[in-house]
C-alpha cells in the first residue's frame, strides 16, 4: 500500500454513480427481471473503463471500479454465497426502522422516499455456507485491472463486505448461534478476500455495522455494542488470517447518509476495536458535522506499526461541495495528529452504496471529488514546505 511520501495521496470509499444503461441492467439482474445477458459483460467492462479513466483524470491516486458490477455493497453476496434460499414470508424490515434516530425524528423519516435498498432481496440460510462467486469475482478483478492498466493507475482497491454485514442482511435458519453463523460467513468470504489480494489489488473491507449497531439496537448500551463488536472483529480477523495487513484497508461508517444522525456511536467508544482489525489502513467518517470534531481522538491513539489513516475529508451526507481550503485544513489536522506520511485523503462513505440510491447528483459527486484532490494538493504544499 502506497504511503503519502512527498504529498498527500487521494482515494475514496468505493461506490460511484452508475451510468443509466448499466444501472438499468444491474437492477434488472438483481430483481430477476429480463435484461440483455449477452450484452451485459461488454457493458460492464466498458463502464468500468470509463469510471476508472475519470477517476484518474481528476487526479485520484488510489481508485476502484465504482462497484459497478454489484447491485449493492452488501447484498451482492446473494449471488456469491451458497447455503441460502429466498426468504419465506415477509422480508425483514430495515434495521434502521426501529433505530434511535428513527424514533427521535419519525416525521423526518416518514417523509423520505423509499430507498432502493428496501427492494433489494434478502435471503435465509438453510444449509452450510460456502463461496460460489468465483466467476463474478474474476470478472470484476479482470475489468478493474485492465482499466487501471489502460489509465496508467498505479494502485487500485476492491471493496468487499464484512461478515457481520452479511449476518445483518440475511436470516439464519441453519446455524445454532449467531456466532456460528458469522464465523461460517467469514470462512466463506475469506475466498473472496484472498482472491482480491492475490490478484495484486488492495482489499477494502466495508463494515458499517461495526459502528451502526448502537443506533439500530436501541435497547443495547455502549458496553453491549462493544461486546458484540469484539466478536465480529474476531470473525473478520479469522477471515483475514495470513493475508498481509499492508494490502488491506478497513472502512466503517454509520449507515445513514442525509439525516439528523444524533445517535451515531462516538469514535472514542469504538476506536480501540477498529484498530484491532488486521488492516494496514483505516477509513472512517470525519467530514460531516456529526463527526468532524473527532479528529482529536487520534492525538491520543497509538496506531498499529505502519498503519495509515484514510479520514473522510468530503462527505456523502450533504450536497454542499467542500471548499478545497477546508479539505486542506482537515488533512493538516490529521497530519499533525499522526504524521503527514500516515494520512491519505478519503471520503466519509460511498456515493451509491445501493444501485439507484444516489442521493447526491452525479455532477455534485465529481465536484466533491475534485475538491478532495485540490485540497490534498494545498495541504501537501504546506506540509512539505514546513519540512
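Just so it is clear, none of the values below were taken in a lab; they were calculated from the coordinates. Given the structure is predicted, the values throughout are model-derived calculations rather than measurements. Glycine gets a Cβ as well: all are built from the backbone with ideal geometry, and neighbour counts include every protein chain shown.
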Worksheet item: Among 208, 86, 163, which one shows the biggest mean-square fluctuation in a GNM of the chain, springs joining Cα atoms closer than 10 Å?
Response: 86
Practice prompt. Calculate I(q)/I(0) for the stretch 14-97 by the Debye formula, one identical point scatterer on each C-alpha and no solvent, and give its log10 at q = 0.14, 0.23 Å⁻¹ to two decimals.
Written response: -0.61, -1.17
Item to complete: Pull out the extension gain between residue 326 and residue 272, defined as 0.36 nm times the separation in residues minus the alpha carbon to alpha carbon distance; nm, one decimal.
Response: 16.7 nm
Worksheet item: Stretched out fully, how many nm does the piece from residue 90 to residue 258 gain, at 0.36 nm a residue minus the Cα gap?
Response: 57.7 nm
Discussion item. Under 8 Å for C-alpha pairs, at least 6 residues apart: give me the relative contact order for the stretch 166-314, rounded to a whole percent.
Written reply: 23
Response to the item:
Cβ density ranking, 10 Å radius, fewest first, applied to 189, 74 yields 74, 189
Practice prompt. Return the percentage of antiparallel bridges among DSSP beta bridges fully within the chain, rounded to the nearest 5 %.
Written response: 20
Item to complete: Using only alpha carbon positions, build the gyration tensor of the stretch 201-332, then give the equivalent ellipsoid semi-axes as the square roots of 5 times its eigenvalues, largest first, whole angstrom.
Response: 23, 20, 13
Worksheet entry | Zone of residue 222's modelled label, taken as backbone nitrogen in the stretch 93-120 under 19 Å from a point 7 Å along Cα→Cβ | 100-101
Worksheet item: Order of 67, 168, 37, 107 from fewest to most other C-beta atoms within 10 Å?
Response: 107, 37, 168, 67
Worksheet item: Which of 31, 330, 49 moves most in a GNM of the chain, Cα contacts under 10 Å?
Response: 31
Discussion item. For the pair residue 33/residue 53, report the inter-label distance in nm, with labels modelled 7 Å from Cα in the Cβ direction.
Written reply: 2.9
Worksheet item: For the chain, what number results from the quotient of the Cα radius of gyration and 2.2 N^0.38 Å?
Response: 0.93
Worksheet item: Points 7 angstrom from Cα along the Cβ direction at residue 180 and residue 370: gap in nanometres?
Response: 5.6
Discussion item. Given an 8 Å cut-off on Cα distances and at least 6 residues of separation, report the relative contact order of the stretch 9-385 as a percent.
Written reply: 20
Worksheet item: What's the exposure ranking of 358, 57, 45, going from fewest to most Cβ atoms within 10 Å?
Response: 57, 45, 358
